[in-house]
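Please treat every number below as a calculation from the coordinates, not as lab data. What you are looking at is a predicted structure, and each value in this text was computed from that prediction instead of being measured. In this analysis, Cβ positions are derived from the backbone assuming ideal geometry, glycine residues included, and neighbour counts consider all displayed protein chains.
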Amino acid sequence: MARTILIVSATDAEAGIVESIEGLKPHNNCFRFHGLDISVLVTGVGTVMTAWKMQQWLSQNRLPSLAINIGIAGSFRDDLKTGDVVIPEADCFADMGVETDSGFITLFEAGLCDPEKEPFKNGWIHSDPLILSRIPKRYRQVRAITVNTVSGSAETISKYVIKYNPDIETMEGAAFFYICSVMRIPFFSLRSISNRITPGRREKWDISSALASLSYSLHELLLIPEMP
């Protein structure tokens, strides 16, 4: 039986890079690539739509051998440039919490959730270290945060940097991590940098360059024979 891969993305543009992979062929409502059966799921933007669409798909299909989240991301780091492709090692729901007189605290800090209850470890969800060990070292492993609102003000950016010391920001990553972890699905995430997170306008994003890099990297990683 062929290994099955579920590729999850938020938008059609991100999912579209899959079809550009050389050697990919349509096969039984999915794709065939070097012995892999690849399904592509477009969820929509955000954690709620990601969780709903993934759970809906998983309830109707056999669990995949591996799930891969692909997409663009914003960078908090000067040394992560547009088009760089990174692997989130850990992610969290960064803006889920409680506002207090002294500032924002997480649900864990408020005592509303257990930071060590599976799949969390100290409030973070981690990717499988065995899978990460099989990914070439040139792909930088990063700490990600997931937010419901893209950061665009100096105040918000500073808040996240101080609290989480993140490398990148997305709007879906932690939901993907959560679903895969509780369903015991091997997984990793592949994100390409589209912009530096600074106060300013979205027009500064270079989505086309980010998607081109993402396509190349996904092609390479799908060819790793040791993946589940």
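Net charge dipole, the chain: roughly 500 debye, given to the nearest 20, about the Cα centre with Cβ charges of +1 for Lys and Arg and -1 for Asp and Glu. Across segment 53-63, coupling constants 3J(HN,Hα) worked out from phi with the 6.51/-1.76/1.60 Karplus curve, θ = phi - 60°, read 5, 5, 5, 4, 5, 5, 6, 10, 9, 5, 4 Hz, and Gly and Pro carry x.
Using 0.36 nm per residue and subtracting the Cα-Cα separation, the extra length available between residue 113 and residue 140 on full extension is 6.7 nm.
Among the lysines of the chain, pairs that are 8 or more positions apart or on different chains and have alpha carbons within less than 27 Å of each other number 14. When both bridge partners sit in the chain, DSSP labels roughly 40% of those beta bridges antiparallel.
Computed as a quarter of the hull surface, the mean projected area of the alpha carbon convex hull for segment 46-163 stands at 9.3 nm².
Annotation for segment 65-81 versus segment 146-178: alpha-carbon center distance of 12 Å. Calculated mean residue ellipticity, 222 nm, the chain: -8500 deg cm²/dmol, from DSSP H runs (n ≥ 4) at -39500 (n - 2.57) each, averaged per residue and rounded to 500. All distinct Cα pairs of segment 91-228 go into the 1/r average, and the inverse of that average, the Kirkwood radius, is 16.6 Å.
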